[in-house]
Each structure stands twice: as structure tokens, then as C-alpha cells.
Amino acid sequence: MSENPYTPPATKVADPAKAAAASMPAPVLIAVVLLWVGVAFEALNWVRLIPAMNTGAVAPISLLLGLVVMIATAFLIWKVMRGRNWARIVLLILQVIVIGNLVWSMVNSHAFVYLSTEMLFTVFVRPAFTVVALVLLFGPGRAWFAPR
């Protein structure tokens, strides 16, 4: 062996073997399914509102914002599936805003009296599904988000 201090090390250097991907725990899987079902409800409602936009009853910007929200939610769900803690925190913050808006609208507006059963179902089901999903994510599923 030469005494040159600039020679590369003789030890084998390699990346560590990739750990096997852990399977998603049942509470997280149930939460993710509930979140996807909520997005599906929102997508059906969005599609249902397209004819109303053509008649002028719904502003096109509201449909565009709905689409952006659905895409952002899908992104957050995907990150939750990958075990990203920040994604579940963002979902929690957004859900607090949604429920606050829903309660404020119920208290300050009598519009809920005139909504059809189908629309009431749409308005309340997705937040309910998301609340149950968040309880599962922050309760029994919290180990999925621990640093690995």
C-alpha cells in the first residue's frame, strides 16, 4: 500500500440496501379509502354542476376552484399513503376550515332549509368521512407517520 494520502479508501463503499416497504396499517388504509370516497363524492357533485354553469346558475370560477381543490386533496391523500406527516397535518387544518365554514354558513344563512336531500348529503357526507379519516390517522394510524 502506498503512503499517498490521496488514494481512495480500500473499503467497499455502497448505498445501503433499500428497506422493504412496510405495509399500510388497517386504520390508515380505512382512512385513505374514506378520503378517496370523499373525493369521489366531490367529483360527482362537480360533474353535476357543469350544466348549471352553462345556464349561468354557477360561476365558472367556482367550478375551476372545485377542480383545484380536488386535485390538491388527491395530492395530499397520495402523500398520506406514503406516510408523510405534513400531509395529514395539512388535511387537518383544511378540515377545520371546512367545518368552520359549514357551521358559520348554517348559523348565518337559512339556505340549508332550501337544499335538496341530495345536496345536503353532499354537503355533510364528505366532511363526515374526512373527520372519521382524520381520527383514524391521528389515533390508531399515527405510527405510520413516524420517521423511519
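Overview of results
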| item | result |
| --- | --- |
| Within the stretch 59-80, backbone nitrogen closer than 16 Å to the virtual label 7 Å beyond the Cα of residue 43 toward Cβ | 66-79 |
| Ellipticity estimate at 222 nm from DSSP helix runs (n ≥ 4, -39,500 (n - 2.57)) divided over the chain, nearest 500 | -23500 deg cm²/dmol |
| Selection from 143, 67, 11, by position along the positive dipole direction of the chain (Cβ) | 11 |
| Cα radius of gyration and Dmax for the chain (Å) | 23.2, 88 |
| Label zone at residue 94, where the point sits 7 Å out along the Cα-to-Cβ direction: the stretch 62-87 residues whose backbone N lies under 12 Å | 66-80, 87 |
| Cβ-placed point charges (K, R +1; D, E -1), dipole of the chain about Cα centre in debye, nearest 20 | 260 |
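Rule-based calculations on the coordinates, nothing more; no lab input. Note that the coordinates shown come from a computational prediction; the quantities given were computed from them, not determined experimentally. With ideal geometry, Cβ positions are generated from the backbone for all residues, glycine too; neighbour counts draw on all protein chains shown.
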